[in-house]
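The block underneath contains the structure these notes are about, expressed in structure tokens.
The values are calculated or read from the model by the stated rules, or taken from the named source; none is laboratory data. In this text the structure is predicted, and so the values were computed from the model without any measurement. So basically every Cβ, Gly included, is an ideal-geometry build from the backbone, and we count neighbours across all protein chains shown.
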């Protein structure tokens, strides 16, 4: 009985590995530029790093399809090259001979892209999933809405215009008042000079009468 179970497991694993071939229609190519990213501190790509990749992909699939428990064995890698590029496919935990749809794999990778990059100390440019574009970061929204900024600028211009008009009106009013006071002062001076040159005729008549 045990031998039959072991045979079925080996057969299932063999069939799953046959599902992964370079240029597979449901597979994805991965390219790592470790030396470019890390320089002298670059690590060697080996079986342990490959296992880590499969583990991070299993995590990404679990994170995206929480109703299924993906294992490392569900991530099949093939077509590896010395320059660290390879293909991978994802099998279903319920049936290892059935491949997970590319759309689900793509969304899983996008959701966990930062976690995958961090595991290998790489970025979107040095850890490339060919055909899966990284999700763009959400644009940073300013603390103050743009319309409120525009409204504030417009109101500031209007307020400045009102202040200028009020200031101009006050200056013109002050100038008019000063001009009016000056005219009135000159008029009083002229009237005073004219009064000094007029004799009191009644007083002169009284003096003549007494004489």
*asked:* If I filter the range 122-130 for residues that are at pLDDT 95 or above, assigned to a helix (DSSP H, G or I) and surrounded by 14 or more Cβ atoms within 10 Å (Cβ to Cβ), do I get at least one hit?
replied: no
*Evaluation of residue 193 against (1) modelled with pLDDT of 75 or more; (2) loosely packed, with under 10 Cβ neighbours inside 10 Å (one fails), failing number*: (1)
*Residue match in the range 135-145 (condition: modelled with pLDDT of 55 or more and closer than 30 Å to residue 84 by Cβ)*: yes
*Is at least one residue of the range 131-146 in contact with a strand residue (DSSP E or B) (Cβ under 7 Å, 6 or more places away or on another chain), touching a residue at least 24 places away in the same chain (Cβ under 8 Å) and under 30 Å from residue 48 (Cβ atoms)?*
yes
_Within the range 21-62, considering residues that are assigned to a loop (DSSP other than H, G, I, E, B) and touching a helix residue (DSSP H, G or I) at 6+ places or on another chain (Cβ under 6 Å), the one farthest from residue 120 (Cα to Cα)_ = 26
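May I ask you to list the residues in the range 63-80 that are free of Cβ contacts under 8 Å to residues at least 60 places away in the same chain and in a helix (DSSP H, G or I)?
63, 64, 72, 74
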*asked:* Would you confirm, using the coordinates I've provided, whether residue 90 is more than 15 Å from residue 109 (Cα to Cα) and either surrounded by fewer than 17 Cβ atoms within 10 Å (Cβ to Cβ) or at pLDDT 95 or above (or both)?
replied: no
_Could you go through the range 96-108 and let me know if any residue there is at positive phi, in a loop (DSSP other than H, G, I, E, B), in contact with a strand residue (DSSP E or B) (Cβ under 8 Å, 6 or more places away or on another chain) and surrounded by fewer than 19 Cβ atoms within 10 Å (Cβ to Cβ)._
no
